[in-house]
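What follows is a short report on a single structure.
No lab work stands behind these numbers, since they all come straight from the coordinates. Predicted, not measured: the structure shown is a model, and the values here were computed from it. Cβ placement follows ideal geometry from the backbone for every residue including glycine, while neighbour counts extend to all protein chains displayed.
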Amino acid sequence: MRSQRAVVAGDPQQIEPIVNLCDDTIKQYLKTAFLDVGMGNEDYYRYAPTAKYTATAYHRAAGASGTESDLGNGIILRNHYRCTPPIIQFCSPNYPGGLQILSNYDETATVKHLLAYHVEGSHLNHTNPEEIDAVEDAIALLEARFSNPIIRVRSAN
């Protein structure tokens, strides 16, 4: 708010800040930090960290007005390089016009290293003993397959 020049990056779909203050405390903060010093509600919604729906880095960088759902005039970067296409294609529809997915993706590199199977099991003291046994069995299979043993996982049972 006070800088002469800044580059701020954010995301219009960014998760709102977690504000764990009670409503009375937030109202008192609004009064003492904004209203009592000549600022208004609009200033509060544009700049206060407790304005959870309008105070993300993106909203501030884009110059949003402080009203809910105003995304301001931010530059949306559409080129995406990080995630593999099957993952980021899930998020792409959330951006107006979608994302241009430019990640390097070699399907054979990801499929060969994936080991997954279903374990029903039960839940006991926030653990699933059958799942622990299944992981130990999978590690034993991998150890038998490769000459260098990998990290051993031992059950707490």
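Quick notes on this structure:
- With the simple model of a label 7 Å out from the Cα in the direction of the Cβ, R78 to Y53 spans 2.9 nm.
- With the simple model of a label 7 Å out from the Cα in the direction of the Cβ, N41 to H126 spans 4.2 nm.
- Descending Cα extents along the principal axes, segment 1-75, whole Å: 36, 27, 18
- Using the Cβ of T67 as centre and a radius below 11 Å, the other residues enclosed give a net charge of -2, where K and R count +1 and D and E count -1.
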